[in-house]
Each structure stands twice: as C-alpha cells, then as structure tokens.
1. In the stretch 38-58, is there at least one residue being more than 30 Å from His166 (Cβ to Cβ) and aromatic (Phe, Trp, Tyr)?
2. Among the numbered criteria (1) among the acidic types (Asp, Glu); (2) in contact with a Leu (Cβ under 7 Å, 6 or more places away or on another chain); (3) surrounded by 15 or more Cβ atoms within 10 Å (Cβ to Cβ), which single criterion is violated by Asp18?
3. For the stretch 124-180, give me each residue that is under 28 Å from Pro36 (Cα atoms) and in a helix (DSSP H, G or I).
4. Of the residues that sit in the stretch 41-71 and are in contact (Cβ under 8 Å) with a residue 60 or more places away in the chain and farther than 15 Å from Phe91 by Cα, which one is nearest to the chain's Cα centre (by Cα)?
5. Collect the residues in the stretch 72-92 that are free of Cβ contacts under 8 Å to residues at least 40 places away in the same chain and not in a loop (DSSP other than H, G, I, E, B), keeping them in residue-number order.
6. When you scan the stretch 135-143, do you find a residue that is closer than 21 Å to Glu11 by Cα and touching a strand residue (DSSP E or B) at 6+ places or on another chain (Cβ under 7 Å), even just one?
7. In the stretch 24-48, what residues are of a type in the set (A, V, I, L, M) and in a loop (DSSP other than H, G, I, E, B)?
8. Out of the residues in the stretch 78-102 meeting the condition of being in contact with a Pro (Cβ under 9 Å, 6 or more places away or on another chain) and either buried (at least 22 other Cβ atoms within 10 Å of the Cβ) or polar (S, T, N, Q) (or both), tell me which one is farthest from Arg118 (Cα to Cα).
Amino acid sequence: MALPWDFHPLEGARVRLDPLRDDADFDALYAIQSDPAVCRYLLYDARSAEEVAAALERDSAKTRLERVGDYLQPAIRLRDADDLLIGTMYFHLTSVDDRTAEIGWLVSPRFQGQGYARECAEVLLDLAFGELDLHRVYAELDPRNTASVRVCERLGMRREAHLVEHMWLKGEWTDTGTYGILEREWRV
C-alpha cells in the first residue's frame, strides 16, 4: 500500500475533487447539510450553521491517509461552473493490514440523479485500486436510500450484507446495507 498519501486534486470528466475550503465553501455546504431531506439517511440530523462550520474546519484539514481512521472529505466541484461545490465525498481508511477503505457521497438535491456521485466514486475507486493499492472498498448505507443503492450497483459493487434493525438512529431502528468491491473486480 502506498502510504502515507497526501491528497491532491483528482479529476473526472465533469468534476474535480479537492479539499474543502474554509473560506469559500461554507454557504454551499450549509445549504446541503442543513437540509432535512438530504440528511434523512445520514448518521446526523440537519446541521446548524455552527455545526457545519465546525465540520468544515475539521474536514478541510483532513488531507492525508496514513493510518487506520484517517479519512478524506473532498469537495465535489463542477469543472465547467467555476468549481461550484455540489457535494462531498467520503473516503475512510479502515484497515492498513487488509488494505480496506469505506466510501460515501453527499450531493446537493439540485444535482442528484445526474451521475455526479457515481463519477466521483469512480475517481476515488481508480485511486483506491491504483495509486493506493487497496484490496477492498465498501459503502455502508441505509437500504431505504435507493439512490445510493443504485450508485453502488452501477459501480459494480455487490450487496454483501443487510443488517436488520442494526442501529437506533433518529428515534427508530434502522437497517444497514453494506456494498463492496474488490480490486480484481474493478474495471474488469
């Protein structure tokens, strides 16, 4: 595995992944993370301005993968729209020994259903199975989030688990779905 790895901008056909910017990204990120519909299937409720500011400060500093627990939360920016922030990705190193990471995405409702999450995930999977030499990448999600399930399926990820009433979240028992893909399966 090629660690440590320092984040540098990554390009897709329509998007650029680069670090969140404390100064420029607050308004767009707040619009996304304060929306109850966007947060419906996330581990957190709609965030206040203070919570978004704290998350932005914390996540913008995460630019290195070196040990278990390290993560990146890059901004998703449209390349042809002055790098407009339309969401964030999540890439979490969960095992160095087993060369495993978790992936996730969050896209503004205005840009959902247009393939941006899939394109960004492809960019990160290319990185994971290329430069980082990982063995496995997985996504954990609420199975009721059918849009994210479709993204996983379009990426070629297989459903590995469906844990029933796995966690108490937002006043109800929720299921957890796990989708995964191995390096030998990527871009076959």
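The values are calculated or read from the model by the stated rules, or taken from the named source; none is laboratory data. Just so you know, these numbers come straight off a predicted model, no measurement behind them. In this analysis, Cβ positions are derived from the backbone assuming ideal geometry, glycine residues included, and neighbour counts consider all displayed protein chains.
1. Applying the first criterion (more than 30 Å from His166 (Cβ to Cβ)) to the stretch 38-58 yields 49, 53, 57.
Keeping just the survivors that are aromatic (Phe, Trp, Tyr) gives none.
For the stretch 38-58, residues more than 30 Å from His166 (Cβ to Cβ) and aromatic (Phe, Trp, Tyr): absent.
2. For Asp18, the exception is condition (2).
3. Across the stretch 124-180, the qualifying residues are Leu124, Thr146, Ala147, Ser148, Val149, Arg150, Val151, Cys152, Glu153, Arg154.
4. Leu42
5. Let us first name the residues in the stretch 72-92 that are free of Cβ contacts under 8 Å to residues at least 40 places away in the same chain, namely 81-82, 90-92.
Matches in the stretch 72-92: Tyr90, Phe91, His92.
6. At the first step, the residues of the stretch 135-143 found to be closer than 21 Å to Glu11 by Cα are 137.
Remaining after also requiring touching a strand residue (DSSP E or B) at 6+ places or on another chain (Cβ under 7 Å): 137.
Yes: one or more hits.
7. Looking only at the stretch 24-48, we keep the residues that are of a type in the set (A, V, I, L, M), and these are 24, 28-29, 31-32, 37-38, 42-43, 46.
Of everything in the stretch 24-48, those that are of a type in the set (A, V, I, L, M) and in a loop (DSSP other than H, G, I, E, B) turn out to be Ala24, Leu42, Leu43, Ala46.
8. Of the residues in the stretch 78-102, the ones in contact with a Pro (Cβ under 9 Å, 6 or more places away or on another chain) are 88-91.
Imposing the further condition that a residue be either buried (at least 22 other Cβ atoms within 10 Å of the Cβ) or polar (S, T, N, Q) (or both) reduces the set to 88-89, 91.
Details: Thr88: 12, Met89: 11, Phe91: 14 Å.
Within the stretch 78-102, the match that is farthest from Arg118 (Cα to Cα) is Phe91.
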